[in-house]
Amino acid sequence: MRRSLWTAIAAAAVLGAATSVAAAPDKPTIVLVHGAFADGSSWNGVVADLQRDGYTVIAPANPLRGIISDGAYVASVVKSVKGPVVLVGHSYGGAVISQAGAAPGNVKALVYVDAFTLDVGESIGELGPKFPQIPLGGALTAAPLPDGGQDLYVRPDQFGVVFAPDVPPAAVKLAAAEQRPISASAFGEKPTAAAWRTIPAWFIYGSADQAIHPAELAFFADRAHSQKTVVVPGGSHVTLISHPDAVAALIEDAANAP
């Protein structure tokens with residue numbers, strides 16, 4: 001069976017949040033939060049590297065309904081872990097971990113992978129126009145919801161352009177068909193917490209990201225006083241897929257920091 005973008009890199013890992021998760025001895029637990037138009041299997045290549053090196057990894061399903069509610073859910077997952085946690089977010093998942101990481105008390109480090117890093121009172125939609133234009137906005141399509149809201153999807157013909165030009169086209173085609181939508185209101189929602197203001201943060205992103213402009217990603221890293229910033233030359237918005245070894249290495253740097 002051919003696998004999608006989100007499952008093509010590593011063998012399937014059985015991932016999920018469990019009550020009172022026990023970490024591997026002397027290692028923090030790694031909690032990986034996926035972004036919009038994806039699911040937990042987007043982390044498969046990263047998970048494989050981390051598990052090989054002895055880390056306990058959890059990749060819960062991000063509900064993709066809004067920063068506040070998604071953050072509360074992720075915070076509940078983090079609270080279930082015994083011991084320290086490295087909290088990692090990709091894309092929209094970065095906004096979620098900034099909200100979630102402030103509450104539990106056991107988050108020792110944050111890692112942002114091609115990710116939004118919002119401050120209190122900022123929204124994704126407000127920040128975008130402050131940086132050079134990127135193709136993502138024009139690539140989205142909306143589906144109405146019964147409550148009057150909208151779910152957003154990436155148009156299949158644009159999925160590879162905005163997300164994964166460095167991933168094989170056949171895998172991109174499958175991922176476009178399998179994508180999970182995000183509530184349109186999430187892009188206007190403003191967080192009430194910014195964990196990166198008090199918790200050390202690490203950053204990695206691609207120099208050719210077409211979903212969040214690299215200038216915006218650099219701004220986030222600088223503002224958060226990044227402990228270490230890795231820029232992947234030519235990397236797309238899915239460095240966790242195309243460069244999982246680099247992403248895993250940075251997560252381990254964060255895990256090993258004092």
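The values are calculated or read from the model by the stated rules, or taken from the named source; none is laboratory data. Predicted, not measured: the structure shown is a model, and the values here were computed from it. Cβ sites come from the backbone with ideal geometry, for glycine too, and all protein chains shown count toward neighbours. Remember, those area values only see protein heavy atoms, side chains included, never the ligands or the DNA or RNA. Shrake-Rupley method; radii C 1.70, N 1.55, O 1.52, S 1.80 Å.
So the values come out like this:
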{"read-out": "Sole exception among (1) of a type outside the set (S, T, N, Q); (2) out of contact with any Lys or Arg (no Cβ under 8 Å at 6 or more places or on another chain); (3) surrounded by fewer than 21 Cβ atoms within 10 Å (Cβ to Cβ) for Val247, by number", "value": "(3)"}
{"read-out": "Residue count for segment 92-125, restricted to those that are charged (D, E, K, R) and free of Cβ contacts under 8 Å to residues at least 40 places away in the same chain", "value": "0"}
{"read-out": "Count of segment 233-244 residues which are open to solvent by 50 Å² or more (accessible area, probe 1.4 Å) and either within 21 Å of Ser41 (Cα to Cα) or under 14 Å from the mean Cα position of the chain (by Cα) (or both)", "value": "1"}
{"read-out": "Residue within segment 94-117 that is closer than 21 Å to Ile212 by Cα, open to solvent by 50 Å² or more (accessible area, probe 1.4 Å) and small (Gly, Ala, Ser) present", "value": "no"}
{"read-out": "Residue match in segment 84-91 (condition: part of a helix (DSSP H, G or I) and within 19 Å of Pro181 (Cα to Cα))", "value": "no"}
{"read-out": "Qualifying residues in segment 42-54 (those that are in contact with a helix residue (DSSP H, G or I) (Cβ under 7 Å, 6 or more places away or on another chain) and open to solvent by less than 10 Å² (accessible area, probe 1.4 Å)) - the one farthest from Ala102 (Cα to Cα)", "value": "Gly45"}
{"read-out": "Residue tally, condition at pLDDT below 90 and in contact with an Asp or Glu (Cβ under 9 Å, 6 or more places away or on another chain), over segment 166-187", "value": "2"}
{"read-out": "Filtered residues of segment 121-139 (kept if surrounded by fewer than 16 Cβ atoms within 10 Å (Cβ to Cβ), over 18 Å from the mean Cα position of the chain (by Cα) and in a helix (DSSP H, G or I))", "value": "Glu126, Pro129, Lys130, Gly137, Gly138"}
{"read-out": "Subset of segment 62-80 (residues that are open to solvent by less than 10 Å² (accessible area, probe 1.4 Å) and either touching a residue at least 40 places away in the same chain (Cβ under 8 Å) or in a strand (DSSP E or B) (or both))", "value": "Leu64, Gly66, Ile67, Asp70, Gly71, Val74, Val77, Val78"}
